[in-house]
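Peer 1: Quick one: the structure is below, questions incoming.
The values are calculated or read from the model by the stated rules, or taken from the named source; none is laboratory data. In this text the structure is predicted, and so the values were computed from the model without any measurement. Methodologically, a virtual Cβ is constructed for each residue, glycine included, from the backbone with ideal geometry; neighbour enumeration extends over all protein chains shown. All accessible areas refer to the heavy atoms of the entire protein, side chains included, with ligands and DNA or RNA removed. Shrake-Rupley method; radii C 1.70, N 1.55, O 1.52, S 1.80 Å.
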Amino acid sequence: METKKVYIETLGCQMNKSDAERMYGMLEYCGYTQTENPKEADMLIINTCSIRQLSEDKAYSQIGVWGKMKKSKPSLKIVFAGCVAQQGGANVLKRAPYVDLVLGTQRLYELPNLVKRIEAGERIVSIDEKPYDESEIKINRVKGVNAWIPIMEGCNNFCTYCIVPYTRGRERSRKPELIIAEAKKALADGFKEITLLGQNVDSYGKDLPEGQNLSWLLRQLNALEGKFRIRFVTNYPTDITEEVIETVIELDKVCEYFHIPMQSGDDFVLKKMNRRYDYATYKKICDNIRFKIPDVTITSDFIAGFPGETEEQFENTLKAMTELELDYSNTAAYSPREKTVAAKWVDLYISEDVKTERLARLNEHNRACCLKSNQKYVGREMEVLIENSEVRKNGDKVITGRTRNNKIVHIPCDRDLTGKFVNVEITRARTWYLNGELV
Ligand code: SAH
Ligand code: SF4
Ligand code: F3S
C-alpha cells in the first residue's frame, strides 16, 4: 500500500492529546504515517479546543493557513476535529470551504471509514452525539514516559461558564477491561507512568456494575506488574471520597497528587458558577487530604472576572489561594462561551481591562504560592522519574523529570536517563521547578 503522511496539530487539554494518539493509531491502518512537517503532509488534522474564545480563534486561523496550502496542492485533505468541530458542525464547512471533514468528539472511532470517503472526494460533517463502540480501537502512542488513558468522557456538571458538557456530551465510563488492556500495552511498550483522564474522574463507574469505581480501578491497575506510577485528573471537590483518599495512601504506585479546581474563593461567585460547594467546604476537603497524605500536591484552576465578580469577591479568591497554600493553579480570565448560562449575563460582564488586571494579580499570587510550595522540598531526597534530557545552549547537559507529587526537577547529568527512576537531593527551589543532584 502506498504510504501517505498525516500531520496532527493538537490544542486544548489532555483529552485532545489522547484523542490525537488514537487518531494516529487508526490512521496507521489506513496507510498513513506520522510527520512533524505540515508541508509534506497529505492530510492535516487539527484537534480544536473551545474552552475560551482565544483557543477557538486559534483553530480557525490555523486552518486558514492550511487552506492557502491547499490552493497549490489540491489533493491535500483537511480534517477539523475536537470541541470546536462538535459545536460548529456544518457551519465550519461554510466558514472554511477547504475543510474536507468536520469530526465531532464522539465520532473519533469512525475516522477510518470517513477517511476513505473524503479520499474519494466527499465533504463530510460527522458530529452525532452517539457514543461509539470502541472495541476495535487501535492506539499508536507517541513513545514517551507518560501514557494518558481516558477512563471517562463527558461531563454532567454544567458549570455556568463551561462549554465542555456541550462539546463532550454526558458522562460515560469506559469499560474497565479496555482501560486495563490499554494500560498493560502501554507498560509493555515501556511507559512508566499512567495518567487516568476524565473531566470528573470521581464519577467513574456510576454507569457500571456496583463496586466498579475509581478506587476499584486504581486497585486493578496497581496490581499490574513492574515499577510504574499511576495518576488521575481531574477531581471535582465534593465528589472525592474517603475511599479514594485511603486508596491513594495504601497503593504504592498511585501518586500523592490531586488536581481539584476551585474556580473562585467566593461563595456568591461559586453559587453563580453552579459549583456545588462553598469555600469552607473546599477548605475542609483540602485540609483533610493534606492531613492524611504528607507531601501531597494539590493544584487548582481559577477564573478571574466571572460576570458580576466584585473587587471584594475577587480578593476572596486571592485569599483562598494563599490560605490553602495551593501548590500550583491554572488561571484564566473569564471568556463568554456560546450556549452557556453565564454568557447570557451580558450586563454583568467585567471589562477586559479589569479582567486582565485581576488575572495578573492572580498570577502573581500563584507564583508566590508555587515558590513557597517548592521551598518545602529543599534539602530533601526525592524519587524522580526522568522524562527527557537536553543540551542547553551554553552546553550544559540537563535531565528533567517529576517527583511522585508532580514537582518538576532539573538535574545536571550527561547521561540520558529518560524513563528511569532516580533518587535526587533537592538543592534549590525556583518558582516553577526544583533543582537537584543525583545521589
Ligand atoms: N472538569 C474540570 C475542568 C475542565 S475545563 C473541572 O471541573 O474543573 C479546564 C478549566 O478551564 C476549568 O477548570 C476552568 O478554570 C477553565 N474554564 C472553563 N471555562 C472557562 C471560561 N468560559 N472562561 C475561562 N476559563 C474557563
Ligand atoms: Fe466544565 Fe464544570 Fe464540567 Fe469541569 S465540571 S468540565 S468546569 S462543566
Ligand atoms: Fe478539552 Fe478544550 Fe474540549 S479543554 S474538553 S479540548 S474545550
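Peer 1: Determine the sum of side-chain charges near Ala342: Lys and Arg each +1, Asp and Glu each -1, restricted to other residues whose C-beta is under 15 angstrom from that of Ala342. Display every interim value, and only then the final one.
Peer 2: Values: positive: Arg52, Lys271, Lys272, Arg275, Arg337, Lys339, Lys344, Lys355; negative: Asp266, Glu309, Glu338, Asp347.
Net charge around Ala342: +4.
Peer 1: Between Glu364 and Val439, with labels modelled 7 Å along Cα→Cβ, what's the label distance in nm to one decimal, could you check?
Peer 2: 3.8 nm
Peer 1: I need the Kirkwood Rh of the range 381-438: take the reciprocal of the average 1/r across all distinct C-alpha pairs and report it in angstrom. If you can, show how the numbers build up before the last one.
Peer 2: Working: mean 1/r = 0.0904 Å⁻¹.
One over the average 1/r among Cα pairs gives 11.1 Å for the range 381-438.
Peer 1: Sort the following peptides by mean Cβ neighbour count (other Cβ atoms within 10 Å, averaged over residues), highest first: 61-67, 327-333, 118-124. Each step should come with its number before you reach the end.
Peer 2: Numbers: 61-67: 15.6, 327-333: 18.9, 118-124: 12.7.
The packing order, highest mean first, is 327-333, 61-67, 118-124.
Peer 1: P(r) tail for the chain, what percent of Cα pairs lie past 30 Å?
Peer 2: The calculated P(r) of the chain puts 49 percent of pairs beyond 30 Å.
Peer 1: Also: Once you've got the Cα coordinates, tell me which of Lys143/Lys227; Lys272/Lys376; Lys39/Lys393; Lys253/Lys319; Lys68/Lys344; Lys138/Lys175 are over 24 Å apart. Write out the running numbers ahead of the final one.
Peer 2: Working: Lys143/Lys227 18 Å; Lys272/Lys376 36 Å; Lys39/Lys393 28 Å; Lys253/Lys319 34 Å; Lys68/Lys344 36 Å; Lys138/Lys175 15 Å.
Among Lys143/Lys227; Lys272/Lys376; Lys39/Lys393; Lys253/Lys319; Lys68/Lys344; Lys138/Lys175, the Cα-Cα distance tops 24 Å for Lys272/Lys376; Lys39/Lys393; Lys253/Lys319; Lys68/Lys344.
Peer 1: Let me ask something else about it. Can you show me the helix-derived [θ] at 222 nm for the chain, built from DSSP H runs with n ≥ 4 at -39,500 (n - 2.57) apiece and divided by the number of residues, rounded to the nearest 500.
Peer 2: Values: 13 runs with 149 residues, N = 439.
After summing the helix terms and dividing by the residues of the chain, the value is -10500 deg cm²/dmol.
Peer 1: Related question: Contour minus end-to-end for Arg415 and Ala90, with contour as 0.36 nm per residue of separation and end-to-end as the Cα-Cα distance?
Peer 2: On the way: separation 325, 0.36 × 325 = 117.00 nm, distance 5.16 nm.
Length difference between fully extended and current span is 111.8 nm.
Peer 1: Tally Lys/Arg at +1 and Asp/Glu at -1 over every other residue whose Cβ is under 10 Å from the Cβ of Ser75; what's the total?
Peer 2: Details: positive: Lys4, Lys70, Lys73, Lys77; negative: Asp42, Glu119.
With Lys, Arg at +1 and Asp, Glu at -1, the neighbours total +2.
Peer 1: Right, something else. Pairs Lys284/Lys407; Lys17/Lys407; Lys94/Lys271: which exceed 27 Å Cα-Cα?
Peer 2: Values: Lys284/Lys407 24 Å; Lys17/Lys407 21 Å; Lys94/Lys271 39 Å.
Correct reply: Lys94/Lys271.
Peer 1: Compute the distance in nm between two label points, each set 7 Å from the Cα along the Cα-to-Cβ direction, one at Glu425 and one at Val341.
Peer 2: 5.5 nm
Peer 1: Report the label-to-label distance for Lys68 and Asp301 in nanometres (one decimal), using points 7 Å from each Cα along the Cα→Cβ vector.
Peer 2: Label-label distance for Lys68 and Asp301, simple model: 3.3 nm.
Peer 1: Which order do you get for Asp266, Asp133, Asp396 if you rank them by accessible area with a 1.4 Å probe, largest at the top?
Peer 2: Ranked from most to least accessible, the order is Asp133, Asp396, Asp266.
Peer 1: How large is the charge dipole for the range 381-438, taken about the Cα centre, if only the Cβ atoms of Lys, Arg (+1) and Asp, Glu (-1) carry charge, to the nearest 20 debye?
Peer 2: Dipole magnitude for the range 381-438 comes out near 200 debye.
Peer 1: For a Förster distance of 45 Å, can you work out the FRET efficiency between the beta-carbons of Glu2 and Asn388, rounded to the nearest 0.05? Walk me through the numbers on the way to the answer.
Peer 2: Values: r = 34 Å, r/R0 = 0.76.
Efficiency computed from Cβ-Cβ geometry: 0.85.
Peer 1: Taking H as built 1.01 Å from N, whose amide H comes closer than 5 Å to the amide H of Ile230, not counting residues under 5 places away?
Peer 2: Ile194, Val254, Cys255
Peer 1: What accessible surface, in Å², does a 1.4 Å probe find on Glu36, ignoring ligands, DNA and RNA and rounding to the nearest 10?
Peer 2: 140 Å²
Peer 1: Pull out the extension gain between Val398 and Arg170, defined as 0.36 nm times the separation in residues minus the alpha carbon to alpha carbon distance; nm, one decimal.
Peer 2: Numbers: separation 228, 0.36 × 228 = 82.08 nm, distance 4.36 nm.
The Val398-Arg170 span can extend by a further 77.7 nm.
Peer 1: What shape does the range 4-126 take by its C-alpha gyration tensor, where a ≥ b ≥ c are the square roots of the eigenvalues and a/c under 1.5 counts as rounded, a/b above b/c as prolate, and the rest as oblate? Don't skip to the answer; put the middle values down first.
Peer 2: Values: a/c = 1.31, a/b = 1.13, b/c = 1.16.
Judged from the Cα gyration tensor, the range 4-126 comes out rounded (a/c under 1.5).
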